[in-house]
Every structure is written in C-alpha cells, then in structure tokens.
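K.L.:
Below you will find the structure I want to go over with you.
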Amino acid sequence: MELTAIDNKVKQVVSNIRNLPTPPIVFHQIQKVMSNPDVSASQIANILAEDPAMSVKVLKLTNSAFYGLAREVDSVKHAVVIVGIEAIKNLVLSASVLGMFKTDQNDQEFQDRHWRHSLATGFCCRLLAQKVRSRGFINPDSAFSAGLLHDIGKMVISCFLRDEFNQYLEERQNDQISPDFMVEQRTIGFDHAQVGGVLALQWKLPQKLTEAIAFHHNPTKTGEEDPMPYLISLGNFIAKKTLYTDEEKHLIGAVDSDVTEFFGLEETDMEEFSGLLQEEYGQAETFLQIAGMG
C-alpha cells in the first residue's frame, strides 16, 4: 500500500497543526550528504559542529552503554569512524525526537510512559535486527530509530489534538481491552500510526522508516516483503510483554500470527527475546536523560 493512500483527512489534520516540531537542520544535512558514497567522517563532523548541543548528545550516546565501547570517544569525528555514518544519523534523529515534544500541555506521567515504551521498543528492534536474519540483513541502527518513533503519532495527538485525545481517553476508560489504535479509530476516525506516517512524510524521513511507522499495526498492508514493519510490530509486542506493569498487562494483546510466520518464529523465541530485552533495557539511561527523565 502506498503511503499516499493514507487517508487525506489525516494529512489535512496534521498539516493544520501549528508549531508542529521538525527535526533539526543537521539531520537533513547529514541525510543529504549520505547519498554521496564518498562522504567522509570529517564532512559529517563538520555538519555536526554547526549544532554544538547535538554534538554533545551524540558523544554522550556513543559513549553510553548502548554501544559498550572499550575506550571513550572524545570527538564527533572519532564517533563517526567508530559507529558509522548511518548510526550517527539515527542517533541525531533519536536525540532530536526525545527533546521535541516537551510540553506543559501533557501530563508528565503520560510522557514518561510513552518514552519508556518507545525506547524499550527501539532497543528490542535493534536486538531483533541482530538476531533475526531469516529475511535478510536489517540495519540495527535504523531498526532502533523505527522502534523509537513507532508511536510518535500518539505524541502528536496528545500534544496538539487535545480534544481528540480527551475523546480517546474517555472511551479508553470504557474499553480496557481493545488495542489503542482501534479505540482511536472508533472515537476520532483515525489512529496514531496514520498520524505518525503522515508526520514522517512531512519530516522527509527515509521511506522504509516512514512505512514502518505507518504500518506497524498492519505490516501486511504494505503489500511488500520489506521486513521493517514486521520487525517493529514484533518489537512493539515483545516490549509490552517484557516491561508493562501489572496494571498494564491487559493492554499487551497478542502478536499477529502473520508476523511470527514472516520470520519463522516460535513461542520459545519470544521468551528468549524477552529475556534479552530485559538485559538490554538497562542501557537506556542516557536516552532517558536526554528525554528529561533520567
């Protein structure tokens, strides 16, 4: 399914939002130069030097437990050489998004819960990209970004569409079982995955990342064999299964059989991934600090 087929109403709703955050110029500059196969670490470092605050965040994340490097990296150029240009681009996007939606409009508890689940999904998707190779190579850094951003539409609805969000919350009180996206469709006529897909289009994010966000609840609807939407759907489920509290257990739902069949996975695989995520999530501290939660 083409992203252009996403309901025009959703595009209209998102395009009418004032003050909608956008990724920093540095992200788009890095994305642009990456199309040149001869781009150097120095060129990327020079772009990042234009945004000192972002440079600090990238260095913090490169030196965090996320990468587990043996020696401390003391310059952005060195960071690019060590973890690679694709990783740096994804770190810039991740660090940007974590700081974009801070607003007094939203209760802190909702934001904390949102980012903790989003980070857990990102960590799980990175882990799955390293472990599940039945459908070919999936870049772990891109998988992390897609996992982190999979529910970004929820932040748009909660921060900028307050009336719709309140309608959703009211219905959620009455229905404690249906998945969020179904409650959203029923009450406001569209869901967070559609909103996230439209936002990713507006931000000019890579197509695979945009599709993973837009179709993470319905990966078969892409009509393609790209594994990323399936991976995000799986990572989302395992993150909930692993880290949701007792009060949230009823919201876990079930993993779609199309997703497990796509990767050829069994229930025992889910248990293994869940255990690995439990260990990995301990490395999220630096990301949580950037989101103002550490």
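K.L.:
State, to one decimal in nm, how far the label point of Arg113 lies from the label point of Ser15, with both points 7 Å from Cα in the Cβ direction.
P.N.:
Distance between label points: 3.4 nm.
K.L.:
Quick one: plug the Kirkwood hydrodynamic radius of the range 22-100 (C-alpha pairs) into Stokes-Einstein at 10 °C, 1.306 mPa s, and report D in µm²/s.
P.N.:
In µm²/s, the coefficient is 128.
K.L.:
Still on this model: Provide the three semi-axes, in whole Å and in decreasing order, of the ellipsoid equivalent to the range 109-256 as defined by the square roots of 5 times the Cα gyration tensor eigenvalues.
P.N.:
Ellipsoid semi-axes (Å, largest first): 24, 17, 14.
K.L.:
Among Ala146, Pro52, Pro219, pick out the residue whose Cα is farthest towards the positive end of the charge dipole of the chain, where Lys and Arg carry +1 and Asp and Glu carry -1 on C-beta, about the Cα centre.
P.N.:
The listed residue farthest towards the positive side: Pro52.
K.L.:
Running a GNM on the chain with Cα contacts under 10 Å, which residue among Gln31, Gln12, Gln278 ends up with the highest mean-square fluctuation?
P.N.:
Result for the chain, Cα springs under 10 Å: Gln12 fluctuates most.
K.L.:
Next up: Compute the long axis of helix 192-202 from its Cα atoms, compare it with the longest principal axis of the Cα atoms of the chain, and write down the angle in degrees, 0 to 90, nearest 10.
P.N.:
Roughly 40 degrees between the two axes.
K.L.:
For the range 184-244, state which GluC sites (Glu not before Pro) are in a DSSP loop and have at most 15 other beta carbons lying within 10 Å of their beta carbon.
P.N.:
Those that pass, being in a loop and sparsely packed, are Glu224, Glu225.
K.L.:
Equivalent-ellipsoid semi-axes (√(5λ), Cα gyration tensor) for the chain, whole Å, largest first?
P.N.:
That gives 29, 23, 19 Å for the three semi-axes.
K.L.:
Something else: For the chain, with a Gaussian network of springs between Cα atoms less than 10 Å apart, report the residue from Leu127, Leu169, Leu205 with the top mean-square fluctuation.
P.N.:
Between Leu127, Leu169, Leu205, it is Leu169 that shows the largest mean-square fluctuation.
K.L.:
Continuing with the same structure: Within a 10 angstrom radius of the beta carbon, how do Ile252, Ile44 rank from fewest other beta carbons to most?
P.N.:
Ordered from fewest to most neighbouring Cβ atoms within 10 Å, Ile252, Ile44 come out as Ile252, Ile44.
K.L.:
Mind ordering 56-62, 66-72 by average Cβ neighbours within 10 Å, highest first?
P.N.:
Packing proxy ranking, top to bottom: 56-62, 66-72.
K.L.:
With θ set to phi - 60° and the Karplus curve 6.51 cos²θ - 1.76 cosθ + 1.60, what are the ³J(HN,Hα) couplings of the range 19-24 in order, to the nearest whole Hz, using x for Gly and Pro?
P.N.:
Whole-Hz 3J(HN,Hα) from phi for the range 19-24: 6, 5, x, 10, x, x.
K.L.:
Angle, helix 267-280 long axis vs. longest principal axis of the chain, Cα atoms, 0 to 90°, nearest 10?
P.N.:
So the helix axis and the longest Cα principal axis differ by about 50 degrees.
K.L.:
Comparing His78, His192, His117, which has the greatest mean-square fluctuation in the GNM of the chain with Cα pairs linked when under 10 Å apart?
P.N.:
Among His78, His192, His117, the largest GNM mean-square fluctuation belongs to His78.
Rule-based calculations on the coordinates, nothing more; no lab input. All values derive from a computational prediction rather than experimental measurement. All Cβ positions, even for glycine, are placed from backbone atoms using ideal geometry, and neighbour counts span all protein chains on display.
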